[in-house]
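Here is the structure we will look at.
The values are calculated or read from the model by the stated rules, or taken from the named source; none is laboratory data. Since we're looking at a predicted model, the values are computed, not measured. Ideal geometry is used to build each Cβ from the backbone, glycine not excepted, and the neighbour counts take in all protein chains shown.
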Amino acid sequence: MSRSTRGFRYPLEPMRSKRQWERDALGHEVAKIDTVLATQRERLSETEQLFKRARKEWQNRTGENRSLNVGMQRIFAAYLADAGNTLDSQKKDVAATQASRGEAAERLVKAQRILDGVERHKVKLVKEHERGELAKQYREFDAAWIQHAGQKRDRRK
């Protein structure tokens, strides 16, 4: 801090600190959700690739002019149904996490706005304090000058 702000104590410092802590905590929450979301997206991508390979294998086997084993056909059908359900479930999880991230990001933006307002208030009070300190210094200088000028006048007499 500059010299003129010496002795300044922001009366709302505990609230400012709390708001900063809340903003930081929300930032960490968004970061954690981002990590979860990245993991979910990676898992979804892997599942989609496996599902595509299984469908392609199914198409290759049915495309050949040979009879399919009924047991194998049941296994493929069950696998594809299960993979489809897993895929749908993972898509829902990603969508829910994206919604959760959006809500957390909105809370983070709101917390940042509140903190910015408190910071602006603090800066305003610091400037007022600086002006007051400067005025006090000018009054002291004026008083010293008047006293000094009076002493010079008294010496001349």
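From the list Leu12, Leu50, Leu26, the lone residue that is closer than 30 Å to Gly84 by Cβ and either surrounded by 11 or more Cβ atoms within 10 Å (Cβ to Cβ) or out of contact with any Gly (no Cβ under 7 Å at 6 or more places or on another chain) (or both) is Leu50.
Criterion applied to Ala25, Ala54 was being closer than 30 Å to Ala95 by Cβ, under 28 Å from the mean Cα position of the chain (by Cα) and hydrophobic (A, V, I, L, M, F, W, C), and the one residue passing it is Ala25. Please verify whether region 28-47 includes one or more residues that are at pLDDT below 95 and among the polar types (S, T, N, Q). The answer is yes, given that some residue of region 28-47 is at pLDDT below 95 and among the polar types (S, T, N, Q). Any residue at all in region 82-103 that is surrounded by 12 or more Cβ atoms within 10 Å (Cβ to Cβ), more than 30 Å from Ile33 (Cα to Cα) and without any contact (Cβ under 8 Å) to a residue 40 or more places away in the chain? No - not one qualifying residue is present in region 82-103.
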